[in-house]
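Before any comments, here is the structure.
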Amino acid sequence: MPLTLNIPAADGYRMPAEWEEQSRTWMLWPFRPDVWRENARPAQAAFAAVAAAIARFEPVTMGVLPHLATEARAVLPPEVEIVPLEYNDAWVRDSGPTFLTDGAGHLAGVDWPFNAWGGHYADFSADDALAGHILDAAGARRYRADLVMEGGALHTDGEGTLLVVEECLLHKSRNPHLGKGQIEERLKRYLNVQTVIWLPFGVAHDETAGHVDNLACFVRPGVVALTWTDDEADPQYARSLAAEQMLLASRDAVGRRLEVHRIHQPGPLYTTAEEAATILHKDGSRPRPGGDRLAASYINHYIVNRGVIVPVFDDPQDAPALAKLAALYPEREIVPVPGREILLGGGNVHCITQQQPKG
Ligand code: KQY
């Protein structure tokens with residue numbers, strides 16, 4: 001499909017909400033030994049469990065580096081399709097396209113320039129090119145954006161409202177030449193939204209500098225779920241409180257006030273000594289002996305057709321979080337999946353999935 005330099009909103013495209021009908025989910029097979037411990041074997045098992053959970057509801061396409069196809073096929077359930085793709089790491093929420101639809105059966109996508117969350121990793125050229133390949137495979141029109149962005153930094157209600165996090169989008173490592181107003185203007189044009197709600201801070205210790213998909217998400221228009229802690233000494237407390245205050249003071253694109261539901265975070269969770277011994281950071285260091293705080297959140301779940309895939313952590317907060325999410329998504333089946341290994345890599349279920357909506 002041709003590269004299009006026009007603006008999606010002017011062409012009648014918009015970003016659908018995640019709960020709108022999807023035709024498939026895209027994922028990528030993890031492999032990096034400097035991100036995923038023990039040669040990515042435990043992460044591969046976790047990704048396979050996520051893919052299997054999603055495949056109960058809709059098709060899953062797993063992008064796999066060509067030389068890893070045989071071993072991926074041996075681990076993945078047969079219903080998961082494998083396609084050869086080149087990529088640097090497995091966070092398709094961020095390196096993949098943001099799909100758009102026009103209501104007339106056409107599919108397009110925004111191809112955001114990707115710089116590895118502000119240059120955290122040296123080589124991100126394959127990840128930067130990935131969105132174009134996925135859009136080609138999907139037969140979708142491609143809009144290359146003039147804004148460094150990641151899909152995990154965006155949540156929409158599909159009715160013109162976008163949630164973003166200020167500390168993430170305004171971080172100097174992404175678009176230092178652009179001010180807040182210029183970034184907002186571009187988001188409106190690429191996604192066809194009218195109201196952008198800027199939450200001040202993301203989740204503490206998040207390697208992305210505060211992706212909204214770990215902090216807060218729409219569960220339907222007018223209703224937001226927010227990660228929460230009651231512990232005022234926890235660094236997350238002030239962050240979640242500031243987000244809640246901003247959400248309650250905001251109106252969405254159609255003038256509604258927002259209902260906010262607190263979902264208590266697990267833990268706090270830290271790397272264990274056993275895990276620390278198997279984790280080697282990219283700078284050669286290992287986690288602190290006392291453990292590194294992990295940016296764990298149930299908000300990092302993923303909505304699929306008639307289901308919601310939720311990371312769990314073998315934590316006392318799992319059951320109350322699942323019960324709250326079941327009440328918030330009454331028409332969907334809540335499917336817990338092990339989230340710990342994905343969390344050790346720096347994200348969770350939402351970060352490793354990308355929905356392709358029905359055109
Ligand atoms: O969306 C995300 N949470 C991606 C995190 C990247 C971490 C890389 N180690």
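The values are calculated or read from the model by the stated rules, or taken from the named source; none is laboratory data. Since the model is a prediction, treat every value here as computed from it, not as a measurement. FYI the Cβ positions are ideal-geometry reconstructions off the backbone, even for glycines, and counts take in every protein chain you see. Calculation scope for accessible area: heavy atoms of the full protein, side chains included, ligands and nucleic acids excluded. Shrake-Rupley method; radii C 1.70, N 1.55, O 1.52, S 1.80 Å.
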Checklist entry - Only one residue in Trp26, Trp36 is in contact (Cβ under 8 Å) with a residue 60 or more places away in the chain, aromatic (Phe, Trp, Tyr) and either in a strand (DSSP E or B) or in contact with a Lys or Arg (Cβ under 7 Å, 6 or more places away or on another chain) (or both). Which one? => result Trp26
Checklist outcome for this item: Screening Pro338, Pro357 for residues that are away from the ligand (no atom under 13 Å from the Cβ) and surrounded by 18 or more Cβ atoms within 10 Å (Cβ to Cβ) leaves only Pro357
Item to check | Qualifying positions in the range 292-325 - outside any loop (DSSP other than H, G, I, E, B), within 16 Å of the ligand (Cβ to nearest atom) and surrounded by fewer than 21 Cβ atoms within 10 Å (Cβ to Cβ) | outcome: Arg293
Checklist entry - Which residues, counting only those in the range 90-121, are within 13 Å of the ligand (Cβ to nearest atom), in a loop (DSSP other than H, G, I, E, B) and either aliphatic (A, V, I, L, M) or at pLDDT below 95 (or both)? => result Ala90, His120, Tyr121
Next on the checklist: Can you confirm whether Gly267 is at positive phi, surrounded by 14 or more Cβ atoms within 10 Å (Cβ to Cβ) and in contact with a helix residue (DSSP H, G or I) (Cβ under 9 Å, 6 or more places away or on another chain)?
Outcome noted: no
Checklist entry - Looking at (1) crowded, with 23+ Cβ neighbours inside 10 Å; (2) away from the ligand (no atom under 16 Å from the Cβ), which is the only condition His350 fails? => result (2)
Item to check | Lone unmet requirement of (1) touching a Pro at 6+ places or on another chain (Cβ under 9 Å); (2) more than 16 Å from the ligand (Cβ to nearest atom); (3) modelled with pLDDT under 95 for Glu274 | outcome: (1)
Next on the checklist: Condition first: surrounded by 17 or more Cβ atoms within 10 Å (Cβ to Cβ) and of a type outside the set (Lys, Arg). Now tell me which residues in the range 34-48 satisfy that.
Outcome noted: Val35, Trp36, Ala40, Pro42, Ala43, Gln44, Ala46, Phe47, Ala48
Checklist entry - Residues in the range 251-285 that are among the charged types (D, E, K, R) and free of Cβ contacts under 8 Å to residues at least 40 places away in the same chain: how many? => result 6
Checklist entry - Regarding Pro78, is this residue farther than 26 Å from Pro42 by Cα, not in a helix (DSSP H, G or I) and not charged (D, E, K, R)? => result no
Checklist outcome for this item: Scanning the range 61-89 for residues that are away from the ligand (no atom under 16 Å from the Cβ), among the polar types (S, T, N, Q) and open to solvent by 10 Å² or more (accessible area, probe 1.4 Å) gives Thr70
Item to check | Within the range 131-164, tally of residues that are in a helix (DSSP H, G or I), in contact with a strand residue (DSSP E or B) (Cβ under 8 Å, 6 or more places away or on another chain) and within 14 Å of the ligand (Cβ to nearest atom) | outcome: 2
